[in-house]
Every structure is written in structure tokens, then in C-alpha cells.
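Asker: Quick one: this structure, given as C-alpha cells, is what I'll be asking you about.
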Amino acid sequence: MPRVTVIIPTYHWSTVLPFSIASVLRQTLADFELLVIGDGCTDDSAEVVARCTDPRVRWINLPQNTGHQSAPNNEGLRQARGDLIAYLGHDDLWLPHHLALAVQAINAGADLTYALTEMVPAHTGEPPTVEPAELEHYTPNLWIPPTSVVHRKSLTFQAGGWRRFIDVPQDPEADLWQRLHAAGARFRFIRRLTAVKFPASWRKNAYRNKKCDEQAAWSARIHAEPDFEPTELAKMLVPAFSAAPARPFRHVLSDFATDVLARAARRLRAVGLLPQPDRRALFHQRRKFKGLDGESA
């Protein structure tokens, strides 16, 4: 049995799959299986995955589209043979040490690990950011990108799997981490950069345009640059207004204020001091921005 089951949920964006899959196959820890799970895909995703002849890679497709990674992730949990679960967004990338560091921390007593994820901005010239912003200590409602997380599979039997977007007051990943923590899971933060994320929610019509140039360029850099990690960490240490001098300071300040207010609003909603947004309306709003408004869900 493999030690780790890697789950890549995907939907109708086959051009990015070779790069996310390659970042898994380049892991220094090789004891894994990779489940690429389509959310009711009818494009060429199955054929793209089939071109990978590594026996550790398997394609699974749900019978119909559900509109969110929760259902593919739950199917991955159901079919996983590994005792550890790792998630990777289909348009995201891992650095080669991601799984090795996570497994090392779990062997030392952790139940769930998360590390630094570089969030690549949608527009050239903007500085990168890092998640989770609060870093060291997990607190309820903290948003941690699934691409960063590795956890024991047994935790999901205790606390339940992924819930639907419209059924929870926050993003399903934040809801799952909170339930795992409440069930007694020991969280461990790894002080390393182990993943790169290209948020589709920052890229208008990402699913309609289906570009993969960013993933191709960053994948090549990760593979070719031995000092990739310290280089990127150094970039994120430079203040935003220094990293992008051509950008008006008022825009930088505006983005900073927007981010602070958004984080504050999430916390206030979590404790009941602000009303929860209409989850169904928010769900369709996000899909429309990403270019999925014409798709079924």
C-alpha cells in the first residue's frame, strides 16, 4: 500500500494537468499514489492523464459535475489506499520536498501539516503573497489552501469529509480544517515554502481561457533553479510598494486595506457579529468570474 494518496480534483482544464501531475512525480518521497478525479469531465482530461504511463497515477471521473472540489475530494478519500492524504489543485504546483517534509512531521507526531504556499498574482508586476497569513498557530476559521495540507486519512472518519459549498458558512476547506481541529487533530506548521498557487478566483475567465503558460513557466523554474525556494521567500519579504515601484502607492494601499477588511469580515461572520452571505449566490458569483457560468453544477 502507498503511504500517501495524492488527490487532484479537476474540471475541464486539461492543459494544466501535465504540470500539476509532473510536480507530484518529481517528489523526493516516491511512496504515493495519485488519483486525478474529474468532476464530471466531458473534455479530453481522461486522455491527458492517460498519457502519463506511471503506474502510480489513476484517473477517476464522477458521473456528473457538482461544481466544487468537495465531491471529487470525497471520492478520493473513499478510494484512497494510503493512510495519509495530500491535496493538490489541478492548476497548482508542488516543490519537490512537499511530501517528504509533511510525512516527516507526521512521523514526528502531527496529524495534519501545512506549509507556506506562494500565491501568484494575476497581473505582472504585482508582488507575490503567502498563505496562510497567520502562519505559526492554527486558529478556527483560518483559511489554509488545500494544496498545502497533508493529513491522516483516519481523521476524516472521525470528523466527516468535505461538505458542499452552499451548506457551510465558510469555504469548505476552512470548514474541514476546523472540524478536524475540533476533533483533536494535532496541527503542525512547516516553516518552508512547499507549493505555488495560481488562484483561479483572481483570474477572470480562467476556465474559459484554459491557459497554462504560468504553470509551464513556474514548473520549469522549480525544476531548473536549485535556489528557487529562497529566491521566492526573499521576494515576499520585500514590501509591496518596493517590489512594484511603477504601481501607484494608493493602489497598493487600497489592496492592503481590502485584504485586511476581508479577513476581519470573515472573523466577524464566524462569531456571529456579521450576517452570513447568501452561499448559493456567492457560489454562482465565483463560478461566473472564473468563466464557468455556462456550465452545469
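The values are calculated or read from the model by the stated rules, or taken from the named source; none is laboratory data. The structure displayed is predicted, hence computed values, not measured ones. Note that we place each Cβ from the backbone using ideal geometry, even for glycine, and neighbour counts take in every protein chain shown. Areas reflect the complete protein model, heavy atoms only, side chains present, ligands, DNA and RNA absent. Shrake-Rupley method; radii C 1.70, N 1.55, O 1.52, S 1.80 Å.
Asker: Looking at region 1-108, which trypsin sites (Lys or Arg not before Pro) are DSSP coil and have at most 11 other C-beta atoms within 10 Å of their C-beta?
Answerer: Passing sites in region 1-108 are Arg51.
Asker: Let me ask you something else. Quick one: net charge around Lys153, please, counting Lys, Arg +1 and Asp, Glu -1 for every other residue with C-beta under 14 Å from its C-beta.
Answerer: Around Lys153, the charge tally is 0.
Asker: Going highest first, how would you order 223-233, 169-179 by mean Cβ packing within 10 Å?
Answerer: In decreasing order of mean packing, 223-233, 169-179 become 169-179, 223-233.
Asker: Here is a further query. Could you rank the peptides 107-119, 198-210 by their average count of other C-beta atoms within 10 Å per residue, with the highest value first?
Answerer: In decreasing order of mean packing, 107-119, 198-210 become 107-119, 198-210.
Asker: Find the accessible area per residue for region 1-76; the probe is 1.4 Å, ligands and nucleic acids are left out, and the unit is Å².
Answerer: Spelled out: the 1.4 Å probe surface of region 1-76, per residue, equals 38 Å².
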